[in-house]
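Remarks on the structure that follows.
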Amino acid sequence: MKGFATRIEGVEEYYFSAKLREVNRLLAEGKPVLNLGIGSPDLSPDRSVIDALKSTAENEQAHGYQGYQGIPELRTAMAHYYASEFGVELDPNREILPMMGSKEGIFHLSMAFLNPGDQVLIPNPGYPTYAAVTQLLGASPIFYNLDLSRQGRPNLEELEQQDLSKVKLMWINYPHMPTGAAGSEELLLELIGFAKRNAILLVHDNPYSHILNSSPKSLLALPGGKEVGLELNSLSKTFNIPGWRVGMLCGKAEWIEAALKVKSNMDSGMFLGLQKGATAALLLGKPWFERQNEIYTSRRKLVWTLSDHLGLTYDREAAGLFVWCRVPAGSSAEELVDQLLYEKNIFITPGKIFGSEGNEYVRISLCLQEFKILEAINRIKPSH
């Protein structure tokens, strides 16, 4: 064996891949670990979604290879979802590409657009996969900070003073993970203008749009958005099917076609039952989102109480599936994470995994039942 590819030298194993092994080891040892770390919804999909999956799986003709662009019924449901929720009209045959989760979309999109030596603007803090994929393809991540007092606005004035000639792509994500910064139409319009002036492809990763967010937004709904941008979306968080791996890439037909060139050489289509279930999910509409948000609102109040007991500060206006908490001055976020895991059997996520701007933060997930969050509170409350 003559060694590994150099492309993996600067890339670490995904944090949760490694850390969950540790959590599972503790569970196997009988430790009652409460997982407030990962954003994997514990709630069930709607009954209609499960029924669509089951009835399709029972059809003996349903288990063959599927088309690379997904079934027309799924693409039409995705177009309906974008029209009804964001006011965006998309051609289901040319402007939508179903993906096996938005994580796959990040990889395929990057492969379609990036060459070695290209540069990519990436939020700090932000989803680690943006930087990992960029580095795997021999491109260079250029990190930009977010002003959380201005809904997560990048300092565009500072960026435009830099040499952007090699920057081909910019990742944006609102509501932002991990901070929960909601963004705004005004901000998205500023970003569209920035991308246009600098000939940069703007990619909006939008999986949290309906979670504790009073005003869901799409980049593609705004003037100029389709000319400079693409949007990734996912059913994982919104419809409680993270293990199904169903997402979508939306935007200009010629850019979707470029991503399809990569995708069609990388997978052999999505199981028909998943596509039928996803179709049912996309047609659920606003009552579904309202029911989910009632649950998450109650859980978030408990996570705020948990955070208060730990002396953490947070933004009550933040959106999304997490609470982003700053540790007290002089404290170590990593030490807090380890202390909670090994002394209290509570797992939360250190902010540093999302970038250097997360070093003084921890992220707490809302994907845990209320009685278990109450149990976490009881474990850390000072005894009287």
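The values are calculated or read from the model by the stated rules, or taken from the named source; none is laboratory data. Small disclaimer: the values here were computed from a predicted structure and weren't measured. Reconstructed Cβ throughout: ideal geometry from the backbone, glycine too, with neighbour counts over all protein chains shown.
In the range 145-156, is there at least one residue being acidic (Asp, Glu), touching a strand residue (DSSP E or B) at 6+ places or on another chain (Cβ under 7 Å), surrounded by fewer than 20 Cβ atoms within 10 Å (Cβ to Cβ) and at pLDDT below 95? Yes, the range 145-156 contains a residue that is acidic (Asp, Glu), touching a strand residue (DSSP E or B) at 6+ places or on another chain (Cβ under 7 Å), surrounded by fewer than 20 Cβ atoms within 10 Å (Cβ to Cβ) and at pLDDT below 95.
Looking at this structure, is residue 91 acidic (Asp, Glu), touching a residue at least 24 places away in the same chain (Cβ under 8 Å) and in a loop (DSSP other than H, G, I, E, B)? Here the answer is yes, as residue 91 does meet what is asked. Just one of the numbered conditions (1) buried (at least 20 other Cβ atoms within 10 Å of the Cβ); (2) under 29 Å from residue 138 (Cβ atoms) is not true of residue 208: (2). Residue 83 fulfils the conditions (1) assigned by TED's automatic domain parsing to the domain that holds residue 359; (2) of a type outside the set (Val, Ile, Thr); (3) farther than 20 Å from residue 354 by Cα except for a single criterion, (1). Within the range 327-365, being out of contact with any strand residue (DSSP E or B) (no Cβ under 7 Å at 6 or more places or on another chain), under 24 Å from residue 129 (Cβ atoms) and assigned to a loop (DSSP other than H, G, I, E, B) holds for one residue alone: 359.
Inspection of the range 316-325 finds a residue satisfying the criterion of being among the charged types (D, E, K, R) and assigned to a loop (DSSP other than H, G, I, E, B). In the range 1-87, counting only helices (runs of 4 or more DSSP H) that sit wholly within it, the ones holding 1 or more residues that are touching a Phe, Trp or Tyr at 6+ places or on another chain (Cβ under 6 Å) and not basic (Lys, Arg) span 15-28. Answer yes or no as to whether residue 73 is of a type outside the set (A, V, I, L, M, F, W, C) and either modelled with pLDDT of 90 or more or within 21 Å of residue 296 (Cα to Cα) (or both). Against the criterion (of a type outside the set (A, V, I, L, M, F, W, C) and either modelled with pLDDT of 90 or more or within 21 Å of residue 296 (Cα to Cα) (or both)), residue 73 qualifies.
Listed here are the residues, each with its yes/no results for (1) touching a Phe, Trp or Tyr at 6+ places or on another chain (Cβ under 9 Å); (2) in contact (Cβ under 8 Å) with a residue 12 or more places away in the chain; (3) more than 27 Å from residue 183 (Cα to Cα).
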{"site": "299", "(1), (2), (3)": "no, yes, no"}
{"site": "303", "(1), (2), (3)": "yes, yes, no"}
{"site": "309", "(1), (2), (3)": "no, yes, yes"}
{"site": "328", "(1), (2), (3)": "no, yes, no"}
{"site": "333", "(1), (2), (3)": "yes, yes, no"}
{"site": "337", "(1), (2), (3)": "yes, yes, yes"}
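Being farther than 20 Å from residue 178 by Cα and assigned to a helix (DSSP H, G or I) is the requirement here; does residue 249 meet it?
no
Of the residues in the range 26-46, at least one is exposed (fewer than 11 other Cβ atoms within 10 Å of the Cβ) and in contact (Cβ under 8 Å) with a residue 60 or more places away in the chain.
In the range 75-121, the residue that is surrounded by the fewest Cβ atoms within 10 Å (Cβ to Cβ) out of those that are among the small types (Gly, Ala, Ser) and touching a Gly at 6+ places or on another chain (Cβ under 6 Å) is 101. If you check 201, 164, 188, 169, which single one turns out to be surrounded by fewer than 24 Cβ atoms within 10 Å (Cβ to Cβ) and under 29 Å from residue 292 (Cβ atoms)? That would be 188, the only listed residue that is surrounded by fewer than 24 Cβ atoms within 10 Å (Cβ to Cβ) and under 29 Å from residue 292 (Cβ atoms). Of the residues making up the range 122-144, just one is on the phi < 0 side of the Ramachandran plot, surrounded by fewer than 21 Cβ atoms within 10 Å (Cβ to Cβ) and in a loop (DSSP other than H, G, I, E, B), namely 137.
Scanning the range 189-206 for residues that are under 13 Å from residue 174 (Cβ atoms) and polar (S, T, N, Q) yields a count of 1. Under the condition of being outside any loop (DSSP other than H, G, I, E, B) and basic (Lys, Arg), which residue from the range 153-172 is nearest to residue 112 (Cα to Cα)? The qualifying residue nearest to residue 112 (Cα to Cα) is 168. Residues that are under 13 Å from the mean Cα position of the chain (by Cα) and not small (Gly, Ala, Ser) were ranked within the range 241-265; the one that is modelled with the highest pLDDT is 248.
Could you check the range 94-114 and list, in sequence order, the residues that are assigned to a helix (DSSP H, G or I) and under 25 Å from residue 167 (Cα atoms)? Those that are assigned to a helix (DSSP H, G or I) and under 25 Å from residue 167 (Cα atoms): 102, 103, 104, 105, 106, 107, 108, 109, 110, 111, 112, 113.
Screening residue 300 on (1) crowded, with 18+ Cβ neighbours inside 10 Å; (2) in the same structural domain as residue 370 (by TED's automatic domain parsing); (3) not in a helix (DSSP H, G or I) shows it passes everything except condition (3). Scanning the range 110-138 for residues that are of a type in the set (Gly, Ala, Ser) and more than 20 Å from residue 228 (Cα to Cα) gives 117, 126, 131, 132, 138.
Residue by residue, here is whether (1) more than 24 Å from the chain's Cα centre (by Cα); (2) more than 19 Å from residue 268 (Cβ to Cβ) holds:
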{"site": "54", "(1), (2)": "yes, yes"}
{"site": "57", "(1), (2)": "yes, no"}
{"site": "69", "(1), (2)": "no, no"}
{"site": "74", "(1), (2)": "no, no"}
{"site": "78", "(1), (2)": "no, yes"}
{"site": "85", "(1), (2)": "no, yes"}
{"site": "89", "(1), (2)": "no, yes"}
{"site": "92", "(1), (2)": "no, yes"}
